[in-house]
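The values are calculated or read from the model by the stated rules, or taken from the named source; none is laboratory data. Since the model is a prediction, treat every value here as computed from it, not as a measurement. Ideal geometry is used to build each Cβ from the backbone, glycine not excepted, and the neighbour counts take in all protein chains shown. These area figures cover heavy atoms from the full protein model, side chains too; ligands, DNA and RNA do not enter into them. Shrake-Rupley method; radii C 1.70, N 1.55, O 1.52, S 1.80 Å.
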Amino acid sequence: MASCTRNIWKVLSGCQKQLLSAGGPSYSAVSQAAPRTLPIRTYAAVRALKKDKKEEAKKEEKKERRVIDDKDRPKPFGKTAWVPVDDVYVKRFYARVIHSATDSIDMLKRFQKLDFTPADQPVYIDLKLDMKLEKKKKVDPFVSTVHLPHPFRTEMNKVLVFTEDSGQAAFAKENGAAFVGGAELIQPILDDEISADFYVAVPDMLTKIVPLKNKLRKKFPKSKRGTVTNNISQAMQLFKTGHEYQVESECFVRTQIATLDMPSEQIFANLQAILTDVCLRRPASLGPFVERAIMSSQTSEAIWFRTESVLPEVAQTDQK
């Protein structure tokens, strides 16, 4: 009996192997009868709320984009576009923004209030000049003194006059000269006992004050600067209250024009006076003299501004 049962089990196991190999894939580890768990939702679906028409209308309203027509000019080299479309953008991807002079002054005043910096800090300009002339010639670096419409210095400049004429000496003292004399002033100047902002000399004194050349350097009297003259009264009026600026590094003018606590109209007037005097140093027929103009205060960032609106109309018509 036991042998019969063993034979039956062998036959059944052989039939099962044939059925599995012929019918489908065999699974050794996982049984086909193993129950599978499927996710079953035991709660009702939440009904979708209807959106308000007002909210839909707000989403449909899109912000109007600034339309900028840059088809006629090529894109700036290495930049995304000339002007950004949005108010917030990365500066290095767009061309530099150049403001008007009035807007630049207003921006400096706003910076001062936001940064809580001193209100009486100086305002500077940095100009780059085109010194080229015709036939490979250049404008020589110059020094100039100009009368500002609204002086920002409370004290007058000290002026020393070299003259041996008693009449001219008396006239110079009457007009406010700090020091007046002849060759006797050479040694006190070398010993730093006396000093002045401007040194004026009559033509006869130039050969006598040559020992002061190394001491005074740029302040030494020169005819180009107007400090060598016989007209003492005109020289005193100019240098006593005048503002001096000069060309540095062959083409740059860096000078103070006002203080930030002055009214915007006075700062603009001083800027106009200096720019007009600068542009007179080069023939207007050669085009604009100022290539680049920057304005800044002592604690603010540099703001690039346009000089065309600052120059008077007469200067602009002459340039054309």
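Electrostatic tally near Arg217: other residues with Cβ closer than 15 Å to its Cβ, Lys and Arg +1, Asp and Glu -1, net +3. Applying the criteria of a DSSP loop state and at most 15 other Cβ atoms within 10 Å to the GluC sites (Glu not before Pro) of segment 148-235 yields Glu155, Glu164, Glu193. Surface composition of segment 187-320: carbon and sulfur atoms hold 47% of the protein heavy-atom accessible area at a 1.4 Å probe.
Note on segment 153-241: with charges restricted to the Cβ of Lys and Arg (+1) and Asp and Glu (-1), its dipole about the Cα centre is near 580 debye. For Arg292, the residues whose modelled amide H falls within less than 5 Å of its own, excluding neighbours fewer than 5 places apart on the same chain, are Lys128. Taking a ≥ b ≥ c as the square roots of the Cα gyration tensor eigenvalues, with a/c under 1.5 meaning rounded and otherwise prolate when a/b beats b/c, else oblate, which class fits segment 196-309? It is prolate, given that a/c is not under 1.5 and a/b is the larger ratio. Computed with a 1.4 Å probe over protein heavy atoms only, the accessible surface of segment 177-263 comes to 52 Å² per residue. Taking every C-alpha pair closer than 8 Å and separated by at least 6 residues, the mean separation divided by the residue count of segment 171-320 gives a relative contact order of 16 percent.
Just check segment 120-269 against the gyration tensor rule for me: Cα atoms, a ≥ b ≥ c as the square roots of the eigenvalues, rounded for a/c under 1.5, and otherwise prolate or oblate depending on whether a/b exceeds b/c. Cα axes put segment 120-269 in the oblate bin.
Hey, which of these cross-link pairs are over 24 Å Cα-Cα: Lys173/Lys219; Lys138/Lys213; Lys158/Lys218; Lys138/Lys240? Violating the 24 Å Cα-Cα cut-off are Lys138/Lys213; Lys138/Lys240.
Please say if segment 97-188 is rounded, prolate or oblate, where rounded means a/c under 1.5 for a ≥ b ≥ c the square roots of the C-alpha gyration tensor eigenvalues, and otherwise the choice is prolate for a/b larger than b/c and oblate otherwise? Since a/c reaches 1.5 but b/c is at least a/b, the shape of segment 97-188 is classed as oblate.
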